[in-house]
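Engineer: Just dropping this structure here.
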Amino acid sequence: MKKSLLILGLLSSASFATQAIAETKIGAIFDLTGGLNIYGIQQNNALELAVEQINADGGLLGAPVEVVTYDAQSELNKYTQFANTAILRDRIDALFAGLTSSSREAIRPIVRKASVPYFYSSLYEGGACDKQTFVTGSSASQQMSVLIDWAIKQYGPKMYIMAPDYNFGTISAHWVHEYARQNGGDVVGEDFLALTVTDYAPTIQKIQAAKPDFVVALPVGANQTGFLEQFAAAGLKDTIGVVSTNYGSGNQQVVVSPEAGEGLIASQGYFQQVEGEANAKFVEAWQAKYGSDTPIVSGAVDVWNAVNLWAEAVRKAGSADAEAVTAALESGLEFEAPNGTVKLSPGSHHLVQNIYIAEGDNNHGFKIIETFENVAATYEDDKCDLIANPDLAEHFTPENQ
């Protein structure tokens, strides 16, 4: 009888262990349709490619990683709906989701309540601080600090801001003001526009009247790309520079005419032209799966890095348990990424990573003209110490610091 009970117990334990391993599951919520799908499709493609390679190498915890995918359809309410579903119904171990800052802010309270690790993989205005949130895109304190200093030296001190009228645009504009002040620059005007605007004549007239040395242009979505065409058509490119932290992040350079795109300056954490073995292997794998017709955007690499950092944390923890994985992530994990070595800062949950300045060419592409290595998210590192204050959950912005 005792022997039978022992065998039954061993079988039950084995069954439980197998079940636990099989439940290593991640959720993916990206904009696969709608106006933001130029970003979301590549984000999701990167996640699928990363998981495919992890599973080809034996998976995690002895079994393949399972992915549950949702299409947010470029609608904010879908992020809330699907995040709850992925956590409550699908019992995911980690969530990879979001493009816009509003989508991130909709998700953060949900994952915080559920204590599920959440990876936000997009360049953004900065300031997100949350125990459950890990940011693998570059923040404004990384991109703007480099870009504004470079542009003032290149073009002159006077700048004009054109940005979308939501928190990415408005908070990024605060950082333009801050880094202009630090580097002896002057913001001579700014315009915040709805994503639905298609006629930029009023903005262009304001720019002409302000006479800046350069414009900090932060266009989001297909409609706002029209600003770049109208700016070039007005003949302003010969006398006024254009710089951006997000131009090219959705392959805008592919749809913008060579006349409008040539000479535009972009500052991001990744361009496909980055040199190095890790990027060469990544591009080769990407093109083998998805083809080479469309350049790889920075958000795709941000997701690739997020999945691989999470997987490394699971291996280090020996478990997909949220608390154990978070502790592993906070140990200062490094990863040889396509954009160079990235390292997770334990306190802020942001990456130390390279920032590149690239110039648009006349053939819908970029040429990298300067590399800034190991750029830290200084603002986030200063404001957000989740080791000392694990209950801190705030979106810091320049005006509330």
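Conditions (1) of a type in the set (Gly, Ala, Ser); (2) farther than 24 Å from residue 143 by Cα; (3) assigned by TED's automatic domain parsing to the domain that holds residue 42, marked per residue:
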{"position": "308", "(1), (2), (3)": "no, no, yes"}
{"position": "312", "(1), (2), (3)": "no, yes, yes"}
{"position": "317", "(1), (2), (3)": "yes, yes, yes"}
{"position": "330", "(1), (2), (3)": "no, no, yes"}
{"position": "336", "(1), (2), (3)": "no, no, yes"}
{"position": "392", "(1), (2), (3)": "no, yes, yes"}
{"position": "395", "(1), (2), (3)": "no, no, yes"}
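Engineer: Count, please, the residues in the range 365-401 that happen to be under 19 Å from the mean Cα position of the chain (by Cα) and of a type outside the set (Val, Ile, Thr).
Structural biologist: Counting residues in the range 365-401 that are under 19 Å from the mean Cα position of the chain (by Cα) and of a type outside the set (Val, Ile, Thr) gives 12.
Conditions tested, residue by residue: (1) surrounded by 19 or more Cβ atoms within 10 Å (Cβ to Cβ); (2) closer than 22 Å to residue 272 by Cα; (3) modelled with pLDDT under 95.
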position	(1), (2), (3)
313	yes, no, no
324	no, no, no
332	no, no, yes
336	no, yes, no
359	no, yes, no
362	no, yes, yes
369	no, yes, no
400	no, no, yes
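Engineer: When you go through (1) modelled with pLDDT under 95; (2) surrounded by 23 or more Cβ atoms within 10 Å (Cβ to Cβ); (3) among the polar types (S, T, N, Q) one by one for residue 294, which number turns out not to apply?
Structural biologist: Failing condition for residue 294: (2).
Engineer: Right, something else. Determine which single condition residue 332 fails, assuming it passes every other condition in (1) free of Cβ contacts under 8 Å to residues at least 24 places away in the same chain; (2) in a strand (DSSP E or B).
Structural biologist: (2)
Engineer: Quick check on this structure: which one of 355, 369 is under 22 Å from residue 175 (Cα atoms) and in contact with a strand residue (DSSP E or B) (Cβ under 7 Å, 6 or more places away or on another chain)?
Structural biologist: Details: 369 fails: under 22 Å from residue 175 (Cα atoms).
The conditions single out 355.
Engineer: Among (1) modelled with pLDDT of 95 or more; (2) part of a helix (DSSP H, G or I); (3) buried (at least 23 other Cβ atoms within 10 Å of the Cβ), which single condition is residue 134 missing?
Structural biologist: (2)
Engineer: Consider only pairs whose beta carbons are under 7 Å apart and that are at least six residues apart or on different chains; among these, list those whose first residue lies in the range 35-64 and is surrounded by fewer than 22 Cβ atoms within 10 Å (Cβ to Cβ) and whose second residue is among the acidic types (Asp, Glu).
Structural biologist: 37/31
Engineer: With the condition kept exactly as written, say whether any residue in the range 375-389 is in a loop (DSSP other than H, G, I, E, B), among the acidic types (Asp, Glu), modelled with pLDDT of 95 or more and surrounded by fewer than 17 Cβ atoms within 10 Å (Cβ to Cβ).
Structural biologist: Scanning the range 375-389, I find at least one residue that is in a loop (DSSP other than H, G, I, E, B), among the acidic types (Asp, Glu), modelled with pLDDT of 95 or more and surrounded by fewer than 17 Cβ atoms within 10 Å (Cβ to Cβ), so the answer is yes.
The values are calculated or read from the model by the stated rules, or taken from the named source; none is laboratory data. Since this is a predicted model, take the numbers as computed values, not measurements. In this analysis, Cβ positions are derived from the backbone assuming ideal geometry, glycine residues included, and neighbour counts consider all displayed protein chains.
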